[in-house]
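S.K.: Quick one: the structure is below, and I'll ask about it shortly.
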Amino acid sequence: MSYGSKNVRSLYYSLPLSAKNLFASAYGWNERRGRYGKTYRESLSMLRESQYWSNEKLLEYQHQRVSRFLPEVISKTRYYRGRDVYSDLLKANAPLNAFPLLAKTALRREPKNFYHDELESMRIRWMSTSGTTGSPLISPVTEQHFQRECAFRALAYEWAGISLDSHDRVAFCAGHPVAHADRQRPPFWVYDWANNWLYFSSYHLSKRNLQDYVAELEKFQPVMLGGYPSSLYLLALAYEKFGGSLKLKAILSSSETLFDWQRERIERAFGARVFNWYGTGETCANVAECNEGELHLKLEHSAVEVLNDQNEPCAPGESGRFVSTGFDNYAFPLIRYDIGDEVTVARNQAAKCGRGGLLLEKVLGFVDDYVFTSEGRFIGRLDHLIKDRVNVVEAQFYQERVDELICRIVKTDNYSEADERAILDEARRRLGTILKISFEYLDRLPRTKNGKLRFVVSAIDQSKVLNSFQA
């Protein structure tokens, strides 16, 4: 949920809760019009049928979509048109896995080279992502593709027993800036009556505020709770401490890696099952968990390969990374895009639920520490701070003390003071004015032992602070 320009946000934050609810509901109504149109309805109808197709039939559908997609985008996208290898492989009728891998660095260096030639005549929306490496990207998607994405999300809800068509009550605790970061007293939430949703701030989860979150959840009585695993885990600790009578049908986890210890605590506290969901900001992969607890890579969504370090396909039981051809978004076509998120292919590929798709054992996306503040807040995912900063090559937030957060940046030649001010403004909007924000500019950010870049790194003892949170 976003609230537009700085002036619009200032107006929103100055309103009483009743007016904020009207504001959020108007926003929600407008979003419904954009999400749930003809393409959404047609796509969801197809997905309800295709979820039970055999993998052979799904792969045949995938092949047909890719065969239509490649000739169009190779001839009408500057990046592919300027490289003979793509047209040569197309003329030779080469299989998809013969095409070159597309690295994130190439995409982020010149994203406009991936715009379709007829982009200006298309009806589009703009999407932003920082990926799992802190490298921001802003990309266009067609309205039809956006509605198709919404249909895949709706199907994941249906697998969890929730219907968007029926206006089921749903509460979210994720990166929605619904309350001013410096706010010390409730409400830390807003109602979207157009969708029957309750949005909680994930930036005000502190020991002092937990009982207020529990009380509002009890008042709303949602049938589903959704959000970041880091935020859901803190709410679970709150329910263990204060108790409650929620009768949830399901909990939907997304946007971060869900660990077994988080799942167990969340399910125990709320007495409901957690369903994990995975998607990308580039909208080129989709994974949903079914009622049997199995993760299905949706083959009708995009052509996704799981490759090892030698760029060979992974067999069942092996781990690798996602490489995707998203064959539906003609506005910003990606051919064999190396997403890089790590997954493990399940050993058993016979789905208990009878649905199709490649079964995965686990998906590793964001793996971040909490950021702690002197007011006692626990804050999870922070990628919103740099999502729109195209002049940032990589970013990492590092914390040694509760009164300071260091923003480490690898910048492009076009990076300016305006970029730093924008990052600082976004940090203030979500973290408040008490926490000191400082900047470090580096040529390369530190990696883990296996060469991975973590987006949020804390030198503070996480388990010690979490234990105090429960006391």
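S.K.: Would you mention how many residues in the stretch 414-433 are surrounded by fewer than 16 Cβ atoms within 10 Å (Cβ to Cβ) and in a loop (DSSP other than H, G, I, E, B)?
M.R.: Qualifying residue count for the region: 3.
S.K.: Still on this structure: For the list (1) polar (S, T, N, Q); (2) open to solvent by 60 Å² or more (accessible area, probe 1.4 Å); (3) under 25 Å from the mean Cα position of the chain (by Cα), I need the number of the one condition that Q399 fails.
M.R.: Tallying (1) polar (S, T, N, Q); (2) open to solvent by 60 Å² or more (accessible area, probe 1.4 Å); (3) under 25 Å from the mean Cα position of the chain (by Cα), Q399 fails exactly one: (2).
S.K.: A further question on this structure: Enumerate the helices (runs of 4 or more DSSP H) found wholly within the stretch 46-134, keeping only those where 2 or more residues are modelled with pLDDT of 95 or more.
M.R.: Of the helices (runs of 4 or more DSSP H) lying wholly inside the stretch 46-134, those with at least 2 residues that are modelled with pLDDT of 95 or more span 55-75, 78-81, 84-91.
S.K.: If a residue must be outside any strand (DSSP E or B) and surrounded by 23 or more Cβ atoms within 10 Å (Cβ to Cβ), how many such residues does the stretch 189-202 contain?
M.R.: Qualifying residue count, the stretch 189-202: 1.
S.K.: Could you pull out the residue among T433, T448 that is β-branched (V, I, T) and at pLDDT below 80? Steps first, answer last, please.
M.R.: On the way: T433 fails: at pLDDT below 80.
Just a single option satisfies the conditions, and that option is T448.
S.K.: Now, a different point. Take the stretch 338-363 and flag every residue that is assigned to a strand (DSSP E or B), crowded, with 18+ Cβ neighbours inside 10 Å and touching a Ser or Thr at 6+ places or on another chain (Cβ under 8 Å).
M.R.: First, the residues of the stretch 338-363 that are assigned to a strand (DSSP E or B): 338-345, 358-363.
This time we only want the ones that are crowded, with 18+ Cβ neighbours inside 10 Å, so: 338-339, 341-345, 358-360, 363.
Once the filter is applied, which keeps residues that are assigned to a strand (DSSP E or B), crowded, with 18+ Cβ neighbours inside 10 Å and touching a Ser or Thr at 6+ places or on another chain (Cβ under 8 Å), the stretch 338-363 yields I339, D341, E342, V343, T344, V345, L360, V363.
S.K.: Cβ-Cβ below 9 Å, separation at least six or inter-chain, first residue in the stretch 98-109 and under 10 Å from V393 (Cβ atoms) and touching a residue at least 60 places away in the same chain (Cβ under 8 Å), second among the aliphatic types (A, V, I, L, M) and open to solvent by less than 40 Å² (accessible area, probe 1.4 Å): which pairs?
M.R.: If the second residue must be among the aliphatic types (A, V, I, L, M) and open to solvent by less than 40 Å² (accessible area, probe 1.4 Å), the pairs left are R108/L137.
S.K.: In the set E294, E289, which member is at pLDDT 95 or above and in contact with a His (Cβ under 8 Å, 6 or more places away or on another chain)?
M.R.: It is E289.
S.K.: Also, quick follow-up: When the residues of the stretch 207-225 are narrowed to those that are touching a helix residue (DSSP H, G or I) at 6+ places or on another chain (Cβ under 8 Å) and open to solvent by less than 60 Å² (accessible area, probe 1.4 Å), which ends up nearest to R263 (Cα to Cα)?
M.R.: Checked the stretch 207-225; the qualifying residue nearest to R263 (Cα to Cα) is L225.
S.K.: OK, next. Taking the stretch 94-122 as the region of interest, how many residues are surrounded by 12 or more Cβ atoms within 10 Å (Cβ to Cβ) and of a type in the set (G, A, S)?
M.R.: Total meeting the criteria: 3.
S.K.: Let me ask something else. Which of the residues spanning the stretch 16-45 are open to solvent by 50 Å² or more (accessible area, probe 1.4 Å) and in a loop (DSSP other than H, G, I, E, B)?
M.R.: Initially, the stretch 16-45 is screened for residues open to solvent by 50 Å² or more (accessible area, probe 1.4 Å), giving 16-18, 22-23, 26-27, 29-30, 33, 38, 41-42, 45.
Hit for the stretch 16-45 is P16, nothing else.
S.K.: Name the single residue, out of those in the stretch 239-298 being open to solvent by 40 Å² or more (accessible area, probe 1.4 Å) and in contact (Cβ under 8 Å) with a residue 40 or more places away in the chain, that is nearest to S128 (Cα to Cα). It would help to see each step written out before you state the result.
M.R.: Filtering the stretch 239-298 down to residues open to solvent by 40 Å² or more (accessible area, probe 1.4 Å) leaves 240-242, 244-245, 247, 249, 255, 259-261, 263-265, 267-268, 271, 273, 291-292.
Next, only the ones that are in contact (Cβ under 8 Å) with a residue 40 or more places away in the chain stay: 240-241, 249, 255, 273, 291-292.
Values: E240: 36, K241: 37, K249: 31, S255: 13, R273: 30, N291: 31, E292: 32 Å.
Going through the qualifying residues, I end up with S255.
S.K.: Looking at (1) in a helix (DSSP H, G or I); (2) modelled with pLDDT of 95 or more; (3) open to solvent by less than 60 Å² (accessible area, probe 1.4 Å), find the lone condition where Y13 falls short.
M.R.: (2)
The values are calculated or read from the model by the stated rules, or taken from the named source; none is laboratory data. What you are looking at is a predicted structure, and each value in this text was computed from that prediction instead of being measured. As a convention, Cβ positions derive from the backbone with ideal geometry for all residues, glycine included, and neighbour counts pool all protein chains shown. Please note that ligands, DNA and RNA were not included when accessible areas were found on the heavy atoms of the full protein model with its side chains. Shrake-Rupley method; radii C 1.70, N 1.55, O 1.52, S 1.80 Å.
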